[in-house]
Amino acid sequence: MTVPQPLQLLAPLSGVLVPLDHVPDPVFANRVIGDGLCIDPTSQTLCAPLAGVVSGLQASGHAITITHEGGAQILLHIGLDTVNLAGKGFNALVDKDQRVEAGQALIEFDADHIAVHARSLMTLMLVVSAEPFSMLTGDSAKVVGGQPLLELGHVGLADDAPVNEGEALVSQPISLPNANGLHARPAAVFAQAAKGFKADIRLHRQQDSANGKSLVAIMAMQPALGDVLTISATGEDAAAAIETLAELLADGCGESVAPVAVSAPAIEAAPVAKSSAMSLQGVCASAGSALGQVVQVVERKLEIAEAAGDPRAELQTLDRALAGALAALQKLRDEAASEAQEEIFKAHQELLEDPSLLEQARLLINQGKSAAFAWNSVTEATAELFKASGNRFLAERALDLADVGQRVLKLMLDVQDSAWELPDQAILVAEQLTPSQTAALDTSKVVGFATVGGGATSHVAILARALGLPAVCGLPAEVLALANGTRVLLDADKGELHLDPDPVSIEQLQAEREQRTLRRQRDLEQASLAATTRDGHRFEVTANIASLAEAEQAIELGGEGVGLLRSEFLYLERSSAPSQDEQAATYSAIARAMGPERNLVVRTLDVGGDKPLAYVTMEAEANPFLGMRGVRLCLERPQLLREQFRAILASCALARLHIMLPMVSQLSELRLARQILEEEAASLGLTTLPKLGIMIEVPSAALMADVFAPEVDFFSIGTNDLTQYTLAMDRDHPRLASQADSFHPSVLRLIATTVKAAHDHGKWVGVCGAMASEPLAVPLLLGLGVDELSASVPLIPAIKAAIRDVELRDCEAIARHALTLESAGQVRETLLSRRPSPSTLSLVSES
Ligand code: PEP
Ligand code: MG
């Protein structure tokens, strides 16, 4: 009979030992991949610490994994962030799947090159298979390559080794209760427990079976939630092993699980799809990715007494709390990290001054209710009304109201918010995160947000973008059941939260993040250069803005004008319309910032429907997106439009002024708006009109672009609305967000139709929807023939760089091909497949 043996591992290098905790990379220091040790090397050849098979070898040659026949798996990683060196300085001496002996040379490396070009030379040796180990070096920090370095305990047996003789005992079938299957942690618990028995132990799922003492073998089998498993044991303590391990498996191997019967359900019991068990799908609210640990954010319920004795005292309590909240919000505004954040707290202040809320609260107080009860009742009831309105904009404001309501309530009840004790790399998980919760965040600790509620336009999304943190909204409610501390990988770009990230994904993510940083630096350095393709075609890259500050920032980042000034910012979240003078002052300031050489495209008011104005009475609509919005609303209230035209016309001489009408669906709308513009210009004594164009964001306008083209000076394609109306998918619908994709060939065909019509009449076409801010879309849009891309300000350098990276003739071929494809997914795949690989990019950025 073979008994599990301890296994000695040799030092893979000579050098000095560094405690893993001191490694300046949280993935290693926090033992995300596994426990082990770190050596600051003095030699330059990495040798095998044990005999085994090369089960992993990075193409860049900086990391290698050896798997011992007993299942132990050791990862050797040379240097930190060395993946970015794209193989330079490394020479692998072995191949993947090759058998190697202990002490055999694996990789030669050029220490001088790595020391200069990477973050650190520190080399890691990690026990990925999670066996416990003890050091053999005593107190000495020095290690000599090839000398025994550590001893692994309880190394299992070869998966197929025939060992114990005799008849196998088999457990009752067990339905696996772990939500995420037997992933690394519970599998390690099971394997560890199995190693405590002398018997040979195997785990079975129908025809598959794995050595129950091998973490690697168990994980390779990928048992998922609901899989029906049996355990077999052969040997002297087989019965005890079966009893212990069956109970362990049924109890979740250390994970908390919903109770399930130990006896078997039918074998056909439908297992949950593995992909859905391992990751949760939401939508991207702020791009990027992060590896971290779950921190559940839960607001505590406050105790509120309903009745109060003295209404006068209660009214004073309310007033004091309101004043305190206003002051606190002012402080938050003063310290806001961005204009967007400042705007949110300004809106909160306005809510606190809302006469209707205050009136209702005071009425309740005068009826004998406590100030806290009265305030809470009115804010909760109003928030519910907002939520029930079916209007996305109002529904999102419900969260603001609840947030500001809590702020005042806490002041009345004298409840202090205890400072959050956040661990490092916290990923905040919540039903909803409120602006107040996210305002004072320690961004050295928080690395991302994952919420059930919210959408790409919610305040949490705006704040996440302002803080530069990745965020995913619209996740299933299961996310709220994740235990604090659970390690997760937030891939906001794909809208995914991975619950059990494997070392390869983690490493990939880190590499991608590094690449992105390098790329961003390069793009910023070159932001002021023209956006000219490699074959010499120049394109204009302008900015989507909503304020003077953004206009100024756009110029700093290489913006060549403004392709879309969303004028709504002047009108929203206030109780009366801005005066003509106020509007004129703002447009003129922006026009002055642009100067006479740059285009300034001012879009007339695009409100109504989903963006109501408090001071313009509008009937509730069953389908706001199909209702009175954009130019329709303005033509119905011509006074609003006349005033805005006059205010815009005041800046005629200051920049190359363009006026653009949103949501045009009929020719008559364009003609009527032009007539009003001409009348207002004449009344101001202007003889030349600014250029007048329309947004192409309704399919009817795209399909009839040839009819519109002779009557406009330009088109700008609003891909956000054009996509939602073409595919009949609400652009903010959390469950449709991934399908409402502007890369859909139907949208591309409408863009192509628009471009052809415009060019046939000598007019230019821009794109100002979010698609123009996606570097991946650049070859497609250039190839479809658009003349200008108007991007969100921070993305201007990346869009210009993407233009400089391509040849127009290639883009045209890509666009022709894309128009023949069947789905947005196919279009994206085509574009991704022709993108330079990360290693190429890293070389480009280094050169
Ligand atoms: C669009 O619809 O693409 C667009 C730019 O307009 P908005 O996003 O402001 O509706
Ligand atoms: Mg639009």
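The values are calculated or read from the model by the stated rules, or taken from the named source; none is laboratory data. This one's a predicted model, so the numbers in the text were calculated from it and none came from an experiment. Ideal geometry is used to build each Cβ from the backbone, glycine not excepted, and the neighbour counts take in all protein chains shown. Each accessible area value is taken on the protein alone, full model and side chains, heavy atoms only, with ligands, DNA and RNA left out. Shrake-Rupley method; radii C 1.70, N 1.55, O 1.52, S 1.80 Å.
In the condition set (1) part of a helix (DSSP H, G or I); (2) open to solvent by less than 10 Å² (accessible area, probe 1.4 Å); (3) under 25 Å from Gln553 (Cβ atoms); (4) within 16 Å of ligand 1 (Cβ to nearest atom), Asn720 is compliant with all but (2). Scanning the stretch 748-765 for residues that are closer than 15 Å to Leu780 by Cβ and without any contact (Cβ under 8 Å) to a residue 40 or more places away in the chain yields a single hit, Val755. For the stretch 457-490, which residues satisfy the criterion of being touching a Gly at 6+ places or on another chain (Cβ under 9 Å) and modelled with pLDDT of 90 or more? Hits for the stretch 457-490 are Pro470, Ala471, Val472, Val479, Arg487, Val488, Leu489, Leu490.
Selection of the stretch 747-793 for residues being within 16 Å of ligand 2 (Cβ to nearest atom), assigned to a helix (DSSP H, G or I) and among the hydrophobic types (A, V, I, L, M, F, W, C) yields Val747, Leu750, Ile751, Ala770, Met771, Ala772. Taking the stretch 293-345 as the range and being closer than 17 Å to Gln437 by Cβ and in contact with a strand residue (DSSP E or B) (Cβ under 7 Å, 6 or more places away or on another chain) as the test, the residues that pass are Val294, Val295, Gln296, Val297.
Looking only at the stretch 657-712, count every residue that is in contact with a Gly (Cβ under 9 Å, 6 or more places away or on another chain), of a type outside the set (A, V, I, L, M) and away from ligand 2 (no atom under 16 Å from the Cβ) and tell me the total. Number satisfying all stated conditions: 1.
Return the residue satisfying two criteria in turn: it lies in the stretch 674-698 and is open to solvent by 10 Å² or more (accessible area, probe 1.4 Å) and within 19 Å of Ala655 (Cβ to Cβ), and of such residues it is farthest from ligand 1 (Cβ to nearest atom). The qualifying residue farthest from ligand 1 (Cβ to nearest atom) is Thr687.
For Ala770, the criteria (1) buried (at least 22 other Cβ atoms within 10 Å of the Cβ); (2) within 16 Å of ligand 1 (Cβ to nearest atom) hold in every case but one, which is (1). Look at (1) open to solvent by 40 Å² or more (accessible area, probe 1.4 Å); (2) within 16 Å of ligand 2 (Cβ to nearest atom); (3) touching a Lys or Arg at 6+ places or on another chain (Cβ under 7 Å) and you find that Gly608 fails only one, number (1).
Rundown of residues vs (1) charged (D, E, K, R); (2) in contact with an Asp or Glu (Cβ under 8 Å, 6 or more places away or on another chain); (3) in a helix (DSSP H, G or I); (4) at pLDDT 85 or above, yes/no style:
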| site | (1), (2), (3), (4) |
| --- | --- |
| Val54 | no, yes, no, yes |
| Ile64 | no, no, no, yes |
| Gly103 | no, no, no, yes |
| Glu131 | yes, no, no, no |
| Glu151 | yes, no, no, yes |
| Ala158 | no, yes, no, no |
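Taking Ala258, is it open to solvent by 20 Å² or more (accessible area, probe 1.4 Å), modelled with pLDDT of 80 or more, outside the structural domain of Ser436 (by the TED database) and of a type outside the set (Asp, Glu)? So Ala258 does not fit the description; no. Taking the criterion of being assigned to a helix (DSSP H, G or I), crowded, with 17+ Cβ neighbours inside 10 Å and not aromatic (Phe, Trp, Tyr), the residues of the stretch 559-590 that qualify are Ser567, Glu568, Leu570, Gln583, Ala584, Thr586, Ser588, Ile590.
Does Gln330 satisfy the condition of being modelled with pLDDT under 90 and surrounded by 13 or more Cβ atoms within 10 Å (Cβ to Cβ)? Here the answer is no, as Gln330 does not meet what is asked. The lone criterion from (1) over 15 Å from Leu428 (Cβ atoms); (2) more than 17 Å from the chain's Cα centre (by Cα); (3) crowded, with 17+ Cβ neighbours inside 10 Å; (4) of a type outside the set (Phe, Trp, Tyr) left unmet by Pro501 is number (2). Within the stretch 348-361, residues that are assigned by the TED database to the domain that holds Leu385 reach partners that are in a loop (DSSP other than H, G, I, E, B) and modelled with pLDDT under 85 with beta carbons closer than 8 Å, at six or more positions or on different chains, in the pairs Glu350/Glu573; Glu350/Arg574; Glu350/Ser575. Between Leu399, Leu394, Leu441, the distinction of being open to solvent by less than 60 Å² (accessible area, probe 1.4 Å), part of a loop (DSSP other than H, G, I, E, B) and at pLDDT below 85 belongs to Leu441 only.
Residue pairs whose Cβ atoms lie under 6 Å apart, sitting 6 or more positions apart in sequence or on different chains, and linking a residue in the stretch 693-720 that is at positive phi to a partner that is near ligand 1 (Cβ under 9 Å from one of its atoms), do not occur here.
Does Asp805 meet the test of being more than 16 Å from ligand 2 (Cβ to nearest atom), under 21 Å from Arg603 (Cα atoms) and surrounded by fewer than 23 Cβ atoms within 10 Å (Cβ to Cβ)? When the stated conditions are applied, Asp805 does not pass them. Of the residues making up the stretch 299-344, those that are over 24 Å from Asp442 (Cα atoms) and among the polar types (S, T, N, Q) are Gln316, Thr317.
This table checks each residue for (1) buried (at least 18 other Cβ atoms within 10 Å of the Cβ); (2) of a type in the set (Val, Ile, Thr).
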| residue | (1), (2) |
| --- | --- |
| His62 | yes, no |
| Ile66 | yes, yes |
| Ala72 | yes, no |
| Thr82 | yes, yes |
| Asp97 | no, no |
| Pro132 | no, no |
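Counting the residues of the stretch 479-498 that are under 18 Å from the mean Cα position of the chain (by Cα) and open to solvent by 70 Å² or more (accessible area, probe 1.4 Å) gives 2. The one condition from (1) surrounded by 22 or more Cβ atoms within 10 Å (Cβ to Cβ); (2) within 16 Å of ligand 1 (Cβ to nearest atom); (3) not in a loop (DSSP other than H, G, I, E, B) that Val664 does not meet is (3). Among the residues of the stretch 633-656, the ones that are in a helix (DSSP H, G or I), at pLDDT below 95 and either within 16 Å of ligand 2 (Cβ to nearest atom) or among the basic types (Lys, Arg) (or both) come to 2 in all. Run Val601 past the list (1) open to solvent by less than 30 Å² (accessible area, probe 1.4 Å); (2) part of a loop (DSSP other than H, G, I, E, B) and report the number of the one that doesn't hold. Val601 satisfies every listed condition except (2).
Tell me, yes or no, whether the stretch 348-356 has at least one residue that is open to solvent by 30 Å² or more (accessible area, probe 1.4 Å), part of a helix (DSSP H, G or I) and touching a helix residue (DSSP H, G or I) at 6+ places or on another chain (Cβ under 7 Å). Yes: the stretch 348-356 contains one or more residues that are open to solvent by 30 Å² or more (accessible area, probe 1.4 Å), part of a helix (DSSP H, G or I) and touching a helix residue (DSSP H, G or I) at 6+ places or on another chain (Cβ under 7 Å).
Comparison of Ala620, Ala647, Ala593 shows that the only residue that is in contact (Cβ under 8 Å) with a residue 24 or more places away in the chain and open to solvent by less than 10 Å² (accessible area, probe 1.4 Å) is Ala647. Tell me whether the stretch 547-558 contains one or more residues that are surrounded by fewer than 16 Cβ atoms within 10 Å (Cβ to Cβ), outside the structural domain of Glu342 (by the TED database) and assigned to a strand (DSSP E or B). So far as the stretch 547-558 goes, no, none of its residues is surrounded by fewer than 16 Cβ atoms within 10 Å (Cβ to Cβ), outside the structural domain of Glu342 (by the TED database) and assigned to a strand (DSSP E or B).
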